[in-house]
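Read-outs throughout are calculated quantities, based only on the coordinates presented, and are distinct from any laboratory measurement. Predicted model only: the values in this text are computed from it and were never measured. Positions of Cβ are backbone-derived with ideal geometry, glycine not excepted, and every protein chain shown enters the neighbour counts.
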Amino acid sequence: MAFTTLTCPSCGSAVRQYQNPFPTVDIIIEMEGGIILIERKNEPLGWALPGGFVDYGESLESAAIREAREETSLEISNLQLLGCYSDPLRDNRMHTISAVYIAKGHGIPHAADDAINLAIFSLDSLPKQLCFDHPKILTDYARIDHRRR
């Protein structure tokens, strides 16, 4: 576990400040026979699943709903957990742990917040420049039987 040693401002004793992974969510939004991907306007550049950080005091599910709305302008339903992804190298900016959800999208998609563009892709025509560990996530997603959903 990574930590930094600091000096307590009150007593001068050495104290440890621990650095823990940040919780995030990613959402596979199913719509019109494909999935929504956003083109990121911030580093790392490329295409990605909508998602982001979980705010303090927010549930994972609420964060997924909020991030979908913020980045795609869509409401989502049928939220189901695909899995959790925790490879320390999944995000080269910092160590994150992501809960990945699958949901149905409703409304008219529009890129906003961290997205400069969005599009609906079929699993057999994904863009080459996918960010983070999203190729692995989408490979796992492709393996599930969607007729059961």
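In sequence order, the range 108-120 has phi-based couplings of 10, x, 8, 5, 7, 6, 7, 9, 9, 7, 8, 7, 9 Hz under the Karplus curve 6.51 cos²θ - 1.76 cosθ + 1.60, θ = phi - 60°, and Gly or Pro positions carry x. Among His95, His110, His134, the order by Cβ neighbours within 10 angstrom, fewest to most, reads His110, His95, His134.
Debye-formula intensities of the chain, expressed as log10 I(q)/I(0) at q = 0.20 Å⁻¹, are -1.26 (one equal scatterer per alpha-carbon, no solvent).
When Glu61, Glu71, Glu43 are arranged by Cβ crowding within 10 Å, least crowded first, meaning fewest neighbours, the order is Glu43, Glu61, Glu71.
Label separation (Ser125 vs Ala14): 6.0 nm, computed from points 7 Å beyond Cα along the C-beta direction. Between Thr96 and Phe22, Arg90, Asp91, the built amide H atoms are under 5 Å apart, and every one of these is 5 or more places off in sequence or on another chain. For Leu82, the residues 5 or more places off, or on other chains, whose built amide H falls under 5 Å of its own are Val100, Tyr101, Ile102. Listed from fewest to most Cβ neighbours within 10 Å, the set Tyr18, Tyr141 follows the order Tyr18, Tyr141.
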